[in-house]
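This report concerns only the one structure given below.
Every number here is computed from the coordinates shown, using simple stated rules; none is lab data. From a predicted model like this one, the values you see are computed outputs, not experimental measurements. When we count neighbours, we look across all protein chains shown, and the Cβ atoms used for this are built from the backbone with ideal geometry, even at glycine.
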Amino acid sequence: MSSTLFRTKSVEQSIRDTEEPEHALKKSLSALDLTVFGVGVIIGTGIFVLTGKIAKESAGPAVALSFVVAGLVCALAALCYAEFASTVPVAGSAYTFSYASLGEFPAWIIGWDLILELALGCAVVAVGWSGYLRSLLETAGFHMPQALSGTHEGKFGFDLLACVLVLVLTAILVAGMKLSSRVTNVIVAVKVTVVLLVIIVGALYITGSNYDPFIPPSQSAGPDSNTLTAPLVQLMFGFTPSHFGVMGIFTAAAVVFFAFIGFDIVATAAEETHNPQRDVPRGILGSLFVCTVLYVAVSLVVTGMQKYSELSTDAPLADAFKAVGHPFWAGLISFGAAVGLTSVCMILLLGQTRVFFAMSRDGLLPKGFSKVHPRFGTPYRSTVLLGVIVAVVAGFTSIDELAELVNIGTLFAFVVVALGVIILRRKRPDLPRSFRTPLVPYVPVLSVLASLWLMLNLPAETWIRFGVWMALGVVVYFVYGRAHSRLQRGAAEEFAE
């Protein structure tokens, strides 16, 4: 049984599968398209929404250091992703990489994990987008009914704007990758312009005293904090749960890590790229570098404009400009954030559908979902199914509940990909690799350790939720996936002969 659980799908077979006419995705993307996709998805909720929340609750002005820590962890993982994406240019990202190196069952687990990560990520971003748009509408004098504005402060409601956004983006994704790319190019141009304006204009209103202290002294989280809401590392090793201080930087890094989710989405588009061996590594590493620099700059500006303890948690960038008496810039930022978060939501939805498509093509999920549209060349069935599900989830979601769950899923994927690089180097040293991760196995091992450290800084309750989702995935695999796997059917046909 263990031999079937860890059977691998060869790189050659994965590439041959992409050539089947009814399951072949259209190649239409360039290195620039991939870099724009990367920047488009990375710059989003983290910079427009989470910056204020984390600065206020966990790190103070040192949230800039939290972005650096999270960026370094992502850089280590990005080097591993770049090697895999250039070696196995097939839709599915970490799922496909795992199938080629670790085996079918680990690949299923990581695919199941990615479906959760990207679905919840898309829902969380849609809610963030809805919040900025409502702020913009209120500035114009229009107020959404509370019942259609989502759940806030214990008041139940359905987030109509978030739901509609996801449905519209689903339709765009069905219509084709090139259209999606063009829409993203326009959105990213607006978004990056707004971010640069925040940095340049905001720098004029920085007050030095707001940085004092840069790393606020550690504060006890209170007598009731030693519960499932405390970071797992504190419960494991008996640390006193606290906010701020040096530990606060790492706790914040584990959460602002959400801001970097997206560079791995570039890898899911490898199959739809003209020259994936060259362009995918450029897209991954280029977008990550650009976004890290922008994140650090924005976090320094916003905590310099307004005391970290006074930052808002809903729209911190816009509200910081309101606090210094410049509502015009606040309105412009709300507009840019609303536009910018649109691309994040679309690309997360794109990544999720490609993982689902790849798993379906391998038989681990119902085969019908791997059919591509005869005109648009997109996996329209899986896109529509997942789009509707995410739209409903977004309607009933709050950011606080799900951001950490998305993070743990992504970090788990990073661990698996880093281990896969080491294993595939040993199993298949003959494979052509247009990009090679430097200093193997040291860089992948460091990536594993860094990812695990951030995972340990997430709340224990997040680990429990993640464990429940993974357990459900194991059940689905043994009930359906294992018996319907293409590798399983191929082995059965060989045995019959």
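Would you please classify the overall shape of the chain from the alpha carbon gyration tensor, given that a ≥ b ≥ c denote the square roots of the eigenvalues, rounded means a/c under 1.5, and beyond that prolate means a/b larger than b/c while oblate covers the rest?
prolate
Which value in nm describes the separation of the simple spin-label points at GLU138 and LYS367, placed 7 Å from the Cα toward the beta carbon?
Distance between the two pseudo-spin positions: 5.3 nm.
Using amide H atoms built 1.01 Å from N in the peptide plane, name the residues 5+ places from LEU29, or on other chains, whose amide H lies under 5 Å from its own.
Sorted by chain and number, the residues that satisfy this are THR273, HIS274.
Among the GluC sites (Glu not before Pro) in the range 85-168, which ones are in a DSSP loop with at most 13 other Cβ atoms within 10 Å of the Cβ? Mind listing them?
GLU153
Taking the Cα-to-Cβ direction at VAL445 and at LEU431 and moving 7 Å from each Cα, how far apart do the two end points lie in nm?
Each label point is offset 7 Å from its Cα along the Cβ direction, giving 2.1 nm.
Once you sort the root eigenvalues of the Cα gyration tensor of the range 356-488 as a ≥ b ≥ c, which label holds: rounded (a/c under 1.5), prolate (a/b larger than b/c) or oblate (the other case)?
Oblate, since a/c reaches 1.5 and b/c is not below a/b.
Can you show me the helix-derived [θ] at 222 nm for the chain, built from DSSP H runs with n ≥ 4 at -39,500 (n - 2.57) apiece and divided by the number of residues, rounded to the nearest 500.
-21500 deg cm²/dmol
Taking a threshold of 18 Å on the Cα-Cα distance, which of the pairs LYS27/LYS371; LYS27/LYS191; LYS9/LYS371; LYS53/LYS307; LYS26/LYS371 fall above it?
Pairs exceeding 18 Å: LYS27/LYS191; LYS9/LYS371.
Mind giving me the FRET efficiency for SER309 and ALA171? R0 is 51 Å, r the Cβ-Cβ distance, nearest 0.05 is fine.
After rounding to 0.05, the efficiency reads 0.75.
Want the number for TRP453 to ILE200: 0.36 nm per residue separation, take away the alpha-carbon distance, what's left?
That pair, TRP453 and ILE200, stretches by 87.6 nm at full extension.
For GLY363, what residues show an amide H to amide H distance below 5 Å, using hydrogens built from the backbone and excluding near sequence neighbours?
ARG486
Can you tell me how the range 345-417 classifies by the Cα gyration tensor, rounded, prolate or oblate, using a/c under 1.5 as the rounded cut?
oblate
Once R0 is set to 56 Å, what does the formula 1/(1 + (r/R0)^6) return for the Cβ-Cβ distance between MET236 and GLN277, expressed as a FRET efficiency to the nearest 0.05?
0.85
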